[in-house]
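In what follows, a single structure is set out as C-alpha cells and then discussed.
Bear in mind these aren't lab numbers, they're just calculated from the coordinates by the rules spelled out. These figures come from a predicted structure and were not determined experimentally. Glycine gets a Cβ as well: all are built from the backbone with ideal geometry, and neighbour counts include every protein chain shown.
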Amino acid sequence: MLSRQLPEMFTNALGQVGEVRVAGEHPDETLMEGATIYLAAGVDPVPADLIQRFPPELGLIANIATGTDNIDLKAAAQRGIAVSNTPVVAEDTADLAMALMLATCRKLSFCERALRMGDWELGAATMGSRVHGKTLGIVGMGAIGQAVAQRAAGFDMNILYHGPNRKPDAEAELDVQYRASLPELLAESDIVSLNCPLTEDSLHLLDADALGQMKPGAILINTGRGPLIDENALVKALESGQLGGAGLDVFEFEPKVTPQLLGFDNVTLVPHIGSATAECRTDMALRAFANIQRFLTEGSPLDNCV
C-alpha cells in the first residue's frame, strides 16, 4: 500500500515484487485487506489509529525519509511491525545547510530581491557577516552533522558539536570539539546548525530560554525538523535583535509558515528541499525498494528503526 501516488517508474518497479495499491492516508478496510507493506512518503503521517487498523499480515512500514517522526513508533512496536527509513540524504542536506548559512550571513535573498526590483543601491549597500573563521555549533553529529562539519572545515571554521553521545572518531577525523551541554555550545557559537532528529526530548529544543542563551547576533540554521524550534520564540528573538538571522528549510507547522518570518530581511526561507536533488531522490527510492525487497525475501529490512 502506498500513502500517496508516487512516480510511475518507482511504482512500476514495486509492481515487479507485488501488487501495488494507492491507499492514501485514510484507507478503508477493504483496500488494506491482505497488505503486507505500507510505503509512506515522509511527509505523510502514520498515526497510531492507522497502524491499529492495519491487517495482521502487515509487517513493514517503509518510510521514504531520513527520519521516522511522521510514524508512531510505539504503536508500530506494539503491533510488531518493522519500520524502515532511507538514511541516504546526508550529503545533499549538508550542501543545503551550508548554502543557507552563506545565504543568511550574506543576506543574499534580500540583495537578490532588491536587485530584481531594480534597486541596485539598496542591495549594494547591504552589509552581511563573514562566515570564514567563525565558530560553528552543530547540534547532532550524525551523518548529516558530520557532513556539515566537513564543509565548514573548508571555511576554516572553529567547529563545536553537541549531542547525546560523544563521537571520539569524528573529533579526530574532523577536528571538532564536544560540548556536553547545549547552553555551552549556544553561548560559544556564532552560527548554530540543527542537524538532529525530532523526538519527544528534542521538541522545542530551541525555545525562548535556549534562544536567549545564544550569542547576541548569532545565526540559526535548521535543516533538521521544524518543531525543533519554537517559532513564536524565534520571531521574538529576531525582532529583539537577539538573533542576527535564520536560515530555515523546515518549519514548525509546515507546509504553513509562521507569517512574521516572511517579513524579515535577515531570514532565508526554502520549502523543505534538503533532499530535493534528482540524485538524492533516486537514492531514496532505491533504498526504499531495497528495504522492501529485503523484507520480502528475508523478513527484515536493511534499515529497521523498531
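Which loop-located chymotrypsin sites (Phe, Trp or Tyr not before Pro) does the stretch 239-293 contain, where loop means any DSSP state but H, G, I, E or B and the Cβ has at most 11 other Cβ atoms within 10 Å? Counting only loop positions with at most 11 other Cβ atoms within 10 Å, the chymotrypsin sites (Phe, Trp or Tyr not before Pro) in the stretch 239-293 are Phe253. Ordering Ile138, Ile191 by the number of other Cβ atoms within 10 Å of each residue's own Cβ, fewest first, gives Ile191, Ile138.
When the inverse distances between all different Cα atoms of the chain are averaged and flipped, the Kirkwood radius reads 20.7 angstrom. For the stretch 209-227 versus the stretch 233-278, the inter-centroid distance based on Cα atoms is 11 Å. Max-minus-min Cα coordinates of the stretch 90-269 on each principal axis give 51, 33, 28 Å, with the largest extent listed first. Neighbour counts of C-beta atoms inside 10 Å place Arg79, Arg225 in the sequence Arg79, Arg225, starting with the fewest. Starting from the amide H of Ser189, placed 1.01 Å from N in the peptide plane, find each other amide H under 5 Å away whose residue is 5 or more places distant or on another chain. So Ser189 has HN proximity to Lys215.
Once Lys and Arg get +1 and Asp and Glu get -1 on their Cβ, which of Ala97, Leu220, Thr126 lies farthest toward the positive end of the dipole of the chain? Projecting each Cα onto the dipole axis, the largest value belongs to Thr126. For the stretch 90-269, a simple Cβ point-charge model (Lys and Arg +1, Asp and Glu -1, everything else neutral) yields a dipole of about 360 debye relative to the Cα centre. In the chain, helical runs assigned H by DSSP with n ≥ 4 each contribute -39500 (n - 2.57); averaged across all residues and rounded to the nearest 500, the mean residue ellipticity at 222 nm is -10500 deg cm²/dmol.
Residues whose amide H comes within less than 5 Å of that of Gln177, counting only those at least five positions distant or on another chain, are Ile159, Leu160, Tyr161 (H built at 1.01 Å from N in the peptide plane).
Helix 143-153 and the long axis of the chain differ in direction by around 30°, with both axes built from C-alpha atoms.
When +1 charges are put on Lys and Arg Cβ atoms and -1 charges on Asp and Glu Cβ atoms, the dipole computed for the chain relative to its Cα centre reaches about 400 debye. The region of the chain that goes longest without hitting one of the GluC sites (Glu not before Pro) in a DSSP loop, each with at most 10 other Cβ atoms within 10 Å, is 20-199.
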